[in-house]
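I have placed the structure first, in the form of structure tokens, so that the comments after it can refer back to it.
Bear in mind these aren't lab numbers, they're just calculated from the coordinates by the rules spelled out. Quantities reported herein were computed from a predicted structural model and do not represent experimental measurements. Glycine gets a Cβ as well: all are built from the backbone with ideal geometry, and neighbour counts include every protein chain shown.
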Ligand code: FAD
């Protein structure tokens with residue numbers, strides 16, 4: 001179908017109904033033949049079992065799957081135990097992150113940043129895991145400066161990451177600029193573009209405020225102007241995001257990582273329009 005690196009992200013369902021719904025979503029997305037699925041991990045291990053169970057289920061269905069692992073609020077000992085469990089489950093891929101603590105949650109933990117987590121995983125398990133780390137074309141919200149953030153990204157890669165996935169963005173130039181800057185620093189690993197389909201304006205605004213992803217003014221104004229007209233929001237969102245993906249792929253992005261929020265429709269339709277649909 002394509003040699004690009006397409007992957008699909010889920011969060012671990014909290015209820016049996018959620019798990020059943022996710023199975024149905026996966027059955028539909030399987031037509032896309034993604035390279036792997038990834039499953040998020042709550043800071044401090046709050047979703048640890050759900051993450052592992054979901055990854056095991058996906059692997060049992062015959063697909064590659066990567067748990068995310070965040071280090072914030074965790075001890076070395078607890079991370080070591082998780083790595084051992086992942087290894088025993090035949091997992092060969094991890095998305096390694098610092099994570100974000102909910103406010104009032106407590107201390108940073110023994111491993112403070114993602115570069116330290118990557119170092120720790122390599123020291124504990126050698127090359128067993130293929131490691132993906134996060135990248136921020138529009139700069140991480142807590143970064144001191146864009147330059148400092150870039151150096152911190154480079155540090156994660158030098159610590160042993162095999163590839164990176166970006167935070168989502170709607171401005172392709174921010175991605176291309178970031179890639180150029182990273183290449184100038186000697187980063188050669190693939191940096192896959194994270195894609196957030198647009199289906200719900202209120203939800204998108206909330207996420208974007210939290211993670212520092214910018215919704216360009218013209219997109220925000222258009223979405224706001226549709227009010228409760230969900231069909232128009234979805235139609236506009238599909239057009240905008242498909243065009244973004246086209247530009248990214250044409251400009252050399254090595255792949256796309258879809259933040260599905262456990263929904264299938266928008267990702268399926270974007271991939272169909274991009275000609276990536278296996279079905
Ligand atoms: P880091 O790379 O550690 O960076 C965090 C901040 O610290 C940045 O501002 C950076 O510039 C700075 N920094 C980095 N290293 C150093 C250093 N050595 N010294 C000083 N400053 C430093 N969150 C979850 O909780 N669970 C998930 O499953 C999850 N999945 C994600 C998947 C992707 C693809 C992405 C892009 C994000 C995901 N997140 C997840 C969110 C992520 O945890 C947050 O964005 C978090 O704030 C930063 O994580 P990081 O791994 O990028 O951190």
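At a 10 Å Cβ-Cβ cut-off, how would you order 241, 139, 154, fewest neighbours first?
Least to most surrounded, the residues fall as 154, 139, 241.
Quote the relative contact order of the chain in percent (integer), defining contacts as alpha-carbon pairs under 8 Å separated by 6+ residues.
RCO, the chain: 21 percent.
So for region 5-274: antiparallel DSSP bridges make up what percent, rounded to the nearest 5?
Here the antiparallel bridges make up roughly 0 percent for region 5-274.
Expressed as a rounded percentage, what relative contact order does region 99-208 have, with Cα pairs under 8 Å and six or more residues apart?
Relative contact order comes out at 26 percent.
How large is the translational diffusion coefficient of region 141-213 in µm² per second when you combine the Kirkwood radius over alpha carbon pairs with Stokes-Einstein at 10 °C and 1.306 mPa s?
Result for D is 118 µm²/s.
What base-10 log of the normalised intensity I(q)/I(0) is obtained for region 27-181 from the Debye formula, alpha carbons as equal point scatterers, at q = 0.11, 0.14, 0.21 Å⁻¹?
So the normalised log intensities work out to -0.45, -0.72, -1.41.
For the chain, what is the calculated [θ] at 222 nm in deg cm²/dmol (nearest 500), taking -39500 (n - 2.57) for each run of four or more DSSP H residues and dividing by its residue count?
-14500 deg cm²/dmol
Determine Rg/Rh for region 193-279; Rg is computed over alpha-carbon atoms and Rh is the Kirkwood hydrodynamic estimate from the same atoms.
0.95
With a 10 Å Cβ neighbour count serving as the proxy for reagent exposure, in which order, fewest first, do 245, 271, 71, 211 appear?
Ordered by Cβ neighbours within 10 Å, fewest first: 211, 245, 271, 71.
Taking the radius of gyration and the Kirkwood hydrodynamic radius from Cα positions alone, what is the Rg/Rh ratio for region 8-61, to two decimal places?
Rounded to two decimals, Rg over Rh is 0.95.
Provide Rg and Dmax in Å for region 5-274, with only Cα atoms included in the calculation.
18.0, 52
Could you calculate, for region 122-279, the ratio of the Cα radius of gyration to the Kirkwood radius, expressed as Rg to Rh?
Rg divided by Rh gives 0.99.
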